[in-house]
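Worksheet for the structure shown next.
The values are calculated or read from the model by the stated rules, or taken from the named source; none is laboratory data. Because the structure is predicted, anything quoted here is derived from the model rather than measured. In this analysis, Cβ positions are derived from the backbone assuming ideal geometry, glycine residues included, and neighbour counts consider all displayed protein chains. Please note that ligands, DNA and RNA were not included when accessible areas were found on the heavy atoms of the full protein model with its side chains. Shrake-Rupley method; radii C 1.70, N 1.55, O 1.52, S 1.80 Å.
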Amino acid sequence: MSVPMTLLGLLEREPSHGYDLKRDYDTFFSRGKPLPFGQVYATLGRLARDGKIVVGEVEPGVGPERKRYVITERGATEVESWLTEPVEAEPNLQTVLFTKVVLALMLGRPAEEYLDVQRATHLRRMQELTEIKRSGNLVDTMLADHGLFHLEADLHWIDTTVARLDALRTMVAQR
Amino acid sequence: MTAIEARDVALSFGETPALRGATVSVASGEIVAVMGPSGSGKSTLLHCLAGILVPDSGEIHFEGRRIDTLSETERSALRRDRFGFVFQFGQLVPELTAEENVALPLLLSGVKRGAALAQARPWFDRLGLTGLGRRRSGELSGGQAQRVALARGLVARPGVLFADEPTGALDSLTGEQVMELLVTSAREQGTTVVLVTHDARVAAYADRQVIVRDGKVNALVHS
Ligand SMILES: Nc1ncnc2c1ncn2[C@@H]1O[C@H](COP(=O)(O)OP(=O)(O)OP(=O)(O)O)[C@@H](O)[C@H]1O
Ligand SMILES: [Mg+2]
């Protein structure tokens with residue numbers, strides 16, 4: 001998760017103090033790894049330097065937390081284009097699993113056993129994520145869902161590959 | 001303690017071997033997912049465990065008692081009194097209301113109508129079906145009907161619940177709600193569950209997964 005873009009996005013919502021940004025970041029995006037204050041202010045400093053935010057008037061009062069950060073036109077444009085741009089769809093043909101299977105077949109090793117172990121590992125992780133879902137809040141649930149659907153896609157690939165192993169073995173042997 | 005177990009079970013439909021030496025054992029209170037490719041023998045295994053089909057060879061044991069050698073009448077009494085069932089398409093009785101459907105296993109084992117319905121009714125609130133007890137199955141959505149079927153499977157507090165693709169006809173979120181209810185209710189009642197599914201996200205609700213391939217049961221091998 002891109003910290004600068006996330007903080008910028010939070011500022012697009014409303015001008016905020018560094019403290020509020022950290023709190024909202026930790027609630028929704030940090031996944032158990034709170035964002036250090038140092039990183040919050042360093043990031044805000046860079047965003048300000050690049051003209052994506054400006055520091056508002058220092059407010060009177062006690063305590064260190066008196067600056068409010070405001071997004072600029074340039075910052076808002078950047079948030080907009082980041083949100084609209086799709087994430088690169090990875091060409092999954094070069095995954096580790098694919099390489100393992102083909103190599104295993106080339107070396108005459110038991111690819112199916114490796115895939116079975118991989119399936120068990122995937123299922124165990126899916127069990128853990130399901131447990132998180134069953135006991136967690138909505139944010140945990142949504143993140144667990146994301147993991148579950150990806151693992152499920154891998155499992156479909158594993159099942160289909162197991163069904164294709166004989167054909168693949170023949171092809172690999174011919175080269 | 002073992003609740004239900006298949007030992008080296010083989011069964012053919014004519015020339016087609018569906019099971020060829022299937023062995024699996026499910027502990028009391030355990031939820032086991034049976035996965036595997038289409039046609040591998042999952043449903044056949046479930047039907048053998050539940051005493052619906054009789055294997056050509058091998059043995060089925062329930063709570064330490066061999067059940068595949070029982071007569072059809074004894075097996076049908078066992079199914080009625082100790083087992084619950086949920087299938088892919090709820091298979092509710094269309095002539096009955098939803099609450100009569102839930103009460104059905106109790107009615108069939110001789111509980112009086114009033115008492116059976118009184119036991120059926122609380123399930124509607126806990127399954128998020130408040131107010132739908134009087135509807136007939138044709139007036140329920142697929143997800144609602146499936147929850148009614150789940151209640152029917154569990155209402156008599158069976159020793160084992162057999163579920164064959166219970167979420168197969170549902171979208172992900174509805175399927176998830178059904179699984180959540182299945183797991184929570186089975187745990188509360190201490191019901192053992194044999195859950196056939198090809199869906200890994202459904203299988204992930206189970207304590208353990210096994211895979212049926214070519215009529216045999218493989219445990220998952222972890223690294
Ligand atoms: N009543 C039947 N008569 C004849 N053959 C049958 C019968 N039931 C199952 N079979 C055959 O037995 C084999 C195992 O079928 P089974 O229904 O157990 O598979 P399954 O793993 O449940 O598949 P699916 O995931 O598609 O439900 C298949 O080859 C199937 O065609
Ligand atoms: Mg089946």
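In order along segment B:60-65, the Karplus-derived 3J(HN,Hα) couplings, from 6.51 cos²θ - 1.76 cosθ + 1.60 at θ = phi - 60°, round to 10, 10, 10, 6, x, 10 Hz, and Gly and Pro are given as x. The residues of segment A:103-119 listed by number as losing at least 50 Å² of accessible area in the complex, against the isolated chain and with a 1.4 Å probe, are A:Val117. For B:Thr2 and A:Val3, the FRET efficiency from 1/(1 + (r/R0)^6), where r spans their Cβ atoms and R0 equals 45 Å, is about 0.30. Overall form of chain A: prolate. Here a/c, set by the Cα gyration tensor axes a ≥ b ≥ c, is 1.5 or more, and a/b is the larger of a/b and b/c.
At 1.4 Å probe radius, can you tell me the per residue accessible area of segment A:3-84 in Å²?
Working: 4960 Å² over 82 residues.
Accessible area per residue: 60 Å².
Distance between the C-alpha centres of segment B:147-223 and segment A:33-55: 48 Å, rounded to the whole angstrom. Relative to the longest principal axis of the C-alpha atoms of chain A, give the angle of the C-alpha long axis of helix A:37-49, reported between 0 and 90° and rounded to the nearest 10°. Once rounded, one gets 80 degrees.
Computed from protein heavy atoms with a 1.4 Å probe, the total accessible area buried between B and A is close to 1700 Å². Averaging the sequence gap over all C-alpha pairs within less than 8 Å and six or more residues apart, then dividing by the number of residues, gives chain B a relative contact order of 31 percent.
When exposed loop sites are taken as GluC sites (Glu not before Pro) in a DSSP loop with at most 14 other Cβ atoms within 10 Å, the longest stretch of chain A clear of them is A:89-175. Solvent-accessible area assigned to carbon and sulfur over chain A amounts to 58 percent, based on a 1.4 Å probe. Here A:Arg74 and A:Val139 are evaluated by their C-beta separation; at R0 = 35 Å the FRET efficiency comes out at 0.70. Under 5 Å between amide hydrogens, built in the peptide plane, is the criterion, and for B:Lys216 it picks out B:Arg20 among residues at least 5 positions away or on other chains. Charged side chains reduced to their Cβ positions (Lys and Arg at +1, Asp and Glu at -1) give segment A:96-173 a dipole of some 180 debye around its Cα centre.
Charged side chains reduced to their Cβ positions (Lys and Arg at +1, Asp and Glu at -1) give the protein assembly as shown a dipole of some 620 debye around its Cα centre.
The C-alpha radius of gyration of the protein assembly as shown, expressed as a fraction of 2.2 N^0.38 Å, stands at 1.28.
The loop-placed trypsin sites (Lys or Arg not before Pro) in segment A:1-55, going by DSSP, that have at most 13 neighbouring Cβ atoms within 10 Å of their Cβ come out as A:Arg31. 3J(HN,Hα) along segment A:159-168, derived from phi through the Karplus expression 6.51 cos²θ - 1.76 cosθ + 1.60 where θ = phi - 60°, amounts to 4, 5, 5, 4, 5, 9, 4, 4, 4, 5 Hz, with x in place of Gly and Pro. Checking the a/c ratio against 1.5 first, then a/b against b/c, what shape does the Cα gyration tensor give for segment B:1-158? Prolate, since a/c reaches 1.5 and a/b exceeds b/c. Remark: segment B:157-164, residue by residue, has Karplus-estimated 3J(HN,Hα) of 6, x, x, 10, 9, 9, 10, 10 Hz, where x stands for each Gly or Pro and the curve is 6.51 cos²θ - 1.76 cosθ + 1.60 at θ = phi - 60°. Loop-located chymotrypsin sites (Phe, Trp or Tyr not before Pro) in segment B:62-165 (DSSP state not H, G, I, E or B) with no more than 16 neighbouring Cβ atoms inside 10 Å: B:Phe89. Taking amide H positions as modeled 1.01 Å from N, with prolines and chain starts lacking one, the residues under 5 Å from A:Gly56 and 5 or more places away or on another chain are A:Arg68, A:Tyr69, A:Val70.
Quick one: accessible area per residue over chain B, 1.4 Å probe, rounded to a whole number of Å²?
Working: 9550 Å² over 223 residues.
With all protein chains present, chain B gives 43 Å² per residue.
To the nearest 10, the accessible area of B:Ser76 is 50 Å² with a 1.4 Å probe.
Show that you can apply the helix-only estimate: for chain A, add -39,500 (n - 2.57) for every DSSP H stretch of four or more residues, divide by all residues, and state [θ] at 222 nm to the nearest 500.
-23000 deg cm²/dmol
Farthest towards the positive end of the charge dipole of the protein assembly as shown, among the residues B:Leu129, A:Trp82, B:Leu117, is the Cα of B:Leu117, using unit charges on the Cβ of Lys, Arg, Asp and Glu. Largest first, the extents of the alpha carbon coordinates of segment A:3-84 on the three principal axes equal 41, 31, 19 Å. Which angle from 0 to 90°, rounded to the nearest 10, does the C-alpha axis of helix B:172-189 make with the longest principal axis of chain B? That helix lies at roughly 80 degrees to the long axis. Under the combined filter of DSSP loop state and at most 11 neighbouring Cβ atoms within 10 Å, segment B:49-149 retains these trypsin sites (Lys or Arg not before Pro): B:Lys112, B:Arg134.
If only the Cβ of Lys and Arg carry +1 and only the Cβ of Asp and Glu carry -1, the dipole of segment B:113-161 around its Cα centre is close to 120 debye.
To the nearest 0.05, how large is the calculated FRET efficiency for B:Thr130 and A:Arg169 if R₀ is 56 Å and r is the Cβ-Cβ distance? The partial results should precede the final answer.
Numbers: r = 57 Å, r/R0 = 1.01.
Efficiency at R0 = 56 Å is approximately 0.50.
For segment B:184-223, a decrease in accessible area of 30 Å² or greater in the assembled protein chains relative to the isolated chain, with a 1.4 Å probe, applies to B:Ala200, B:Arg201, B:Ala204, B:Tyr205, B:Gln209, B:Arg213, B:Leu220, B:Val221, B:His222, B:Ser223.
Of all lysines in the structure, the ones whose alpha carbon falls short of 24 Å from that of A:Lys22, not counting any fewer than 8 places away in one chain, are A:Lys33, A:Lys52, A:Lys67.
Express the carbon and sulfur contribution to the solvent-accessible surface of chain B as a percent, rounded to the nearest whole number, probe 1.4 angstrom. The C+S portion of the solvent-accessible surface of chain B is 50 percent.
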